[in-house]
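Following: one structure in structure tokens, then a few remarks.
The values are calculated or read from the model by the stated rules, or taken from the named source; none is laboratory data. If you're wondering where the values come from, they're calculated on a predicted model, not measured in any experiment. Cβ placement follows ideal geometry from the backbone for every residue including glycine, while neighbour counts extend to all protein chains displayed. These area figures cover heavy atoms from the full protein model, side chains too; ligands, DNA and RNA do not enter into them. Shrake-Rupley method; radii C 1.70, N 1.55, O 1.52, S 1.80 Å.
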Amino acid sequence: MIGNMRMSRKEKKYNMKKSLGIMITAGILAAALAGCAAAPTDTEAQAVSVPAQTEPEAQAVSAPKAETATQGAAAAETAAPETTSIRIITTSDMHGKMVPWEYLTNEAAPNGSLAQVASVVKEFRTENTILVDVGDVIQDNSAELFLEEPDHPMILGMNRIGYDVCTLGNHEFNYGMDNVKKVIRSFQAEVLLSNVYDPSGNRLAAPYTILEKGGVKVAVIGAVTPCITRWDKKNLEGYTVTDPVTEVRQAIDEIGGRADVIIVIAHMDENTEMGLSGSGAAEIAAAFPEINLICAAHGHNEIFGKEVSGSPLLENMAMAETVMITDIALTKKDGKWQIDDTVTERIHTADYEPDREITELLSPFDKAAREDASRPIGTLSGGPLAEKDAIEGIPRALIEDTALLDLQGEILRYYSGADVSAAILTRKDSNIPEGEIHKSDVSLIYRYENTLDKMKMTGKQLKQWMEWSAAFYRQSSPGDLTIAFGEKRRFYNLDVFGGVDYEINISRPEGERIENLTWPDGRPVKDDDVFTVAVNNYRVDSALTAPGEIYATEEEMPELLETEICGNIGNIRALICDYITNVKHGVITPEKAGNWKITGFIPDTKKQEKINELIKAGKLELTSRESGRIFNAEPITEEMLKGLSE
């Protein structure tokens with residue numbers, strides 16, 4: 001059975017501890033019965049099965065004649081076999097959230113943190129517990145400020161909490177391989193990484209380990225998504241990243257019969273990503289039914305109480321919002337442990353106060369990060385960078401031209417000298433109000449730590465890319481009252497292009513949506529035009545330099561001209577700070593380029609106002625998937641609105 005019932009914090013604590021207590025009690029009874037002289041078999045069975053025994057019933061297990069002692073002990077062993085339980089506490093994707101504060105926006109964020117995780121661990125850890133983390137520890141939430149520290153504060157805190165094993169996430173590879181090796185050295189927990197090899201052919205870390213808890217031998221195998229070769233290709237030059245499915249097979253073969261339980265901790269989402277084989281935890285589950293638990297990560301999806309190809313699979317939300325606690329109950333039969341039951345419960349860390357010890361340990365880093373976030377860098381004059389959303393939950397920057405993304409594109413073109421830019425929305429709530437701009441506000445223009453690259457491509461290649469991007473939208477139909485985004489792509493995979501004019505006709509099928517693509521002077525962009533494009537390194541590595549969803553294997557790829565442009569200044573966020581402070585001398589104004597628009601859909605302003613009122617009143621909801629990472633997936637229609645009005 002896989003449990004997924006929503007319970008209160010008290011109920012969870014009681015039920016999980018109760019289940020472990022029952023198993024331990026059963027084991028004690030078995031040992032007691034086996035160690036004393038035996039009563040008749042039927043009486044013994046009755047004594048074990050009755051929950052609250054009376055004094056005469058307790059006496060039923062007193063010593064009979066010596067000649068039946070061995071016989072009785074065997075019967076007792078049959079009636080109450082040896083049982084135990086092990087507990088796996090799993091975290092992942094904590095992304096620099098050391099205390100309940102978000103430094104990128106410089107505000108309290110009590111929905112999760114490492115300090116709150118520590119409180120959860122203190123409450124639920126037993127002597128048979130294995131504490132694991134599945135990667136993405138030292139990136140985001142200003143965690144990059146501390147990369148040069150002897151021990152990163154996140155790792156410092158995790159060491160104090162006492163993690164047993166962990167693996168690396170894709171973001172651990174963002175800062176170069178020297179930093180990856182430093183991370184591995186810094187962890188007191190055993191780092192497991194089966195599928196990354198250095199230039200000499202040696203693994204960066206052990207592929208697996210075998211731990212013993214309560215007499216049960218637990219093998220843990222670690223892996224990271226092979227998509228790191230797309231996102232951090234430059235950092236991984238000379239290194240080899242292999243298929244995790246192949247590596248898990250080898251690890252299981254080496255483990256052989258030495259383990260009673262096999263667990264895989266894999267920094268990858270449930271499903272295959274970017275069409276790359278071995279990048280989905282479900283692939284591992286399908287290949288190896290002998291795996292008893294898969295702890296996935298990377299997708300930031302709340303998954304528990306789910307079996308994939310017969311294996312229980314779990315995954316945590318991001319920023320330490322959740323902790324998964326899995327109890328595996330076992331019974332020893334014929335000298336071997338067999339799993340009876342696996343139950344996973346999800347704990348929301350927001351229900352817990354931050355642990356004092358961890359908070360005090362990390363307080364110097366917390367203070368430094370807050371001071372950095374509060375530093376003024378300029379002023380926005382003339383209004384916000386984006387107008388208020390017409391419909392709550394549908395960001396304006398995704399459906400029309402805004403000064404917000406035009407500023408980002410302008411900055412990318414300025415530092416790269418490129419003809420065209422590709423800007424992205426990195427937060428659903430991205431915007432900056434009029435007034436003083438602090439460093440933390442820059443995350444509202446660009447959240448991620450991507451760097452700036454420059455590519456050379458043709459008009460044909462640009463249009464192929466633009467068509468791929470435009471597939472973000474769901475095809476519109478008569479009766480639609482809102483523009484929907486579909487379910488194929490997350491919102492940060494919509495590129496908003498600057499330096500060219502164009503229209504996106506969402507009434508057309510995918511691949512036929514880009515219309516009236518011209519240069520600013522009105523000249524059509526021809527297939528054989530050649531020009532340069534400024535774009536973030538994530539898009540370059542994941543989609544523009546290898547065959548995949550945009551370009552076929554036989555097609556010529558765009559040429560990568562430069563990477564990490566103005567690296568002496570820093571990443572794209574640092575370039576935005578520099579542009580506001582030094583290029584614009586501390587003053588910016590909201591300016592729209594007006595170079596693109598959506599066609600094939602005519603909004604009804606009055607009906608959209610009504611939809612917005614209903615959404616705010618809680619009477620209408622936009623469709624959401626993947627814990628909100630896919631949102632506005634279906635349009636609000638005339639029929640839906642009519643049904644609510646009747």
Next on the checklist: Any residue at all in the stretch 314-323 that's out of contact with any His (no Cβ under 7 Å at 6 or more places or on another chain), under 19 Å from P207 (Cα atoms), open to solvent by less than 50 Å² (accessible area, probe 1.4 Å) and modelled with pLDDT of 95 or more?
Outcome noted: no
Item to check | Any hit, the stretch 92-114, residues being in contact with a helix residue (DSSP H, G or I) (Cβ under 9 Å, 6 or more places away or on another chain), over 24 Å from R573 (Cα atoms), in a helix (DSSP H, G or I) and in contact (Cβ under 8 Å) with a residue 40 or more places away in the chain | outcome: yes
Checklist entry - Is it the case that some residue within the stretch 596-610 is in contact with an Asp or Glu (Cβ under 6 Å, 6 or more places away or on another chain), in a loop (DSSP other than H, G, I, E, B) and touching a residue at least 12 places away in the same chain (Cβ under 8 Å)? => result no
Checklist entry - If you check E626, E564, E591, which single one turns out to be in contact with a Gly (Cβ under 8 Å, 6 or more places away or on another chain), touching a residue at least 40 places away in the same chain (Cβ under 8 Å) and not hydroxyl-bearing (S, T, Y)? => result E626
Checklist entry - When you look at K584, is it modelled with pLDDT under 95 and on the phi < 0 side of the Ramachandran plot, yes or no? => result no
Next on the checklist: Take G275 and tell me if it is under 24 Å from the mean Cα position of the chain (by Cα), part of a loop (DSSP other than H, G, I, E, B) and surrounded by fewer than 24 Cβ atoms within 10 Å (Cβ to Cβ).
Outcome noted: yes
Checklist entry - Based on what the data block shows, is D253 surrounded by fewer than 17 Cβ atoms within 10 Å (Cβ to Cβ) and either over 19 Å from A223 (Cβ atoms) or of a type outside the set (G, A, S) (or both)? => result yes
Next on the checklist: Given the options G511, G522, name the one that is loosely packed, with under 15 Cβ neighbours inside 10 Å and in contact with a helix residue (DSSP H, G or I) (Cβ under 7 Å, 6 or more places away or on another chain).
Outcome noted: G511
Item to check | Scan of the stretch 189-215 for residues that are among the polar types (S, T, N, Q) and in contact with a helix residue (DSSP H, G or I) (Cβ under 7 Å, 6 or more places away or on another chain), ordered by number | outcome: S194, N195
Checklist entry - Being surrounded by 14 or more Cβ atoms within 10 Å (Cβ to Cβ), at pLDDT 95 or above and closer than 30 Å to E638 by Cα, is that true of even one residue in the stretch 600-609? => result yes
Next on the checklist: Looking at D260, D269, can you tell me which residue is open to solvent by 10 Å² or more (accessible area, probe 1.4 Å) and either polar (S, T, N, Q) or modelled with pLDDT under 95 (or both)?
Outcome noted: D269
Checklist entry - Hey, among the residues in the stretch 567-597 that are of a type in the set (G, A, S) and in contact with a strand residue (DSSP E or B) (Cβ under 8 Å, 6 or more places away or on another chain), which one's least open to solvent (accessible area, probe 1.4 Å)? => result G586
Checklist outcome for this item: From the option list E353, E357, E371, single residue qualifying as out of contact with any helix residue (DSSP H, G or I) (no Cβ under 8 Å at 6 or more places or on another chain), acidic (D, E), surrounded by fewer than 19 Cβ atoms within 10 Å (Cβ to Cβ) and modelled with pLDDT of 95 or more is E371
Next on the checklist: Checking D528 against (1) open to solvent by 30 Å² or more (accessible area, probe 1.4 Å); (2) under 18 Å from S443 (Cα atoms), only one condition comes out false. Which one?
Outcome noted: (2)
Item to check | Filtered residues of the stretch 287-302 (kept if at pLDDT 95 or above and open to solvent by less than 20 Å² (accessible area, probe 1.4 Å)) | outcome: F288, I291, L293, I294, C295, A296, A297
Item to check | the stretch 611-623: number of residues that are in contact with a helix residue (DSSP H, G or I) (Cβ under 9 Å, 6 or more places away or on another chain) and either in a helix (DSSP H, G or I) or within 14 Å of Q408 (Cα to Cα) (or both) | outcome: 2
Next on the checklist: I'm checking my understanding of the structure. Among residues of the stretch 531-549 that are modelled with pLDDT under 95 and over 30 Å from S624 (Cβ atoms), which one is surrounded by the fewest Cβ atoms within 10 Å (Cβ to Cβ)?
Outcome noted: P547
Checklist outcome for this item: Subset of the stretch 322-339, residues in contact with a Leu (Cβ under 8 Å, 6 or more places away or on another chain) and touching a residue at least 60 places away in the same chain (Cβ under 8 Å), comes to M324, T326, D327, I328, W337, I339
Checklist entry - V216 passes all but one of (1) open to solvent by 40 Å² or more (accessible area, probe 1.4 Å); (2) within 17 Å of R258 (Cβ to Cβ); which number fails? => result (1)
Checklist entry - Applying the selection to the stretch 480-527, what residues are without any contact (Cβ under 8 Å) to a residue 60 or more places away in the chain and aliphatic (A, V, I, L, M)? => result I514, L517
Next on the checklist: Among the residues in the stretch 130-138, are any free of Cβ contacts under 8 Å to residues at least 60 places away in the same chain and of a type in the set (V, I, T)?
Outcome noted: yes
Next on the checklist: I need a count of the residues in the stretch 415-469 that are part of a loop (DSSP other than H, G, I, E, B), of a type outside the set (A, V, I, L, M, F, W, C) and more than 22 Å from the chain's Cα centre (by Cα).
Outcome noted: 5
Next on the checklist: Based on this model, can you work out whether F304 counts as under 18 Å from the mean Cα position of the chain (by Cα), more than 22 Å from K488 (Cα to Cα) and aromatic (F, W, Y)?
Outcome noted: yes
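Residues checked against (1) acidic (D, E); (2) modelled with pLDDT of 95 or more; (3) surrounded by fewer than 24 Cβ atoms within 10 Å (Cβ to Cβ); (4) within 25 Å of I89 (Cβ to Cβ):
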{"residue": "K122", "(1), (2), (3), (4)": "no, yes, yes, yes"}
{"residue": "E127", "(1), (2), (3), (4)": "yes, yes, yes, yes"}
{"residue": "V137", "(1), (2), (3), (4)": "no, yes, no, yes"}
{"residue": "R160", "(1), (2), (3), (4)": "no, yes, yes, yes"}
{"residue": "H171", "(1), (2), (3), (4)": "no, no, no, yes"}
{"residue": "Y175", "(1), (2), (3), (4)": "no, no, yes, no"}
{"residue": "I184", "(1), (2), (3), (4)": "no, yes, yes, yes"}
{"residue": "N195", "(1), (2), (3), (4)": "no, yes, no, yes"}
{"residue": "S200", "(1), (2), (3), (4)": "no, yes, yes, no"}
Checklist outcome for this item: Within the stretch 400-436, residues open to solvent by less than 30 Å² (accessible area, probe 1.4 Å), touching a strand residue (DSSP E or B) at 6+ places or on another chain (Cβ under 9 Å) and modelled with pLDDT under 95 come out as I432
Item to check | Condition check for A80: on the phi < 0 side of the Ramachandran plot and at pLDDT below 95 | outcome: yes
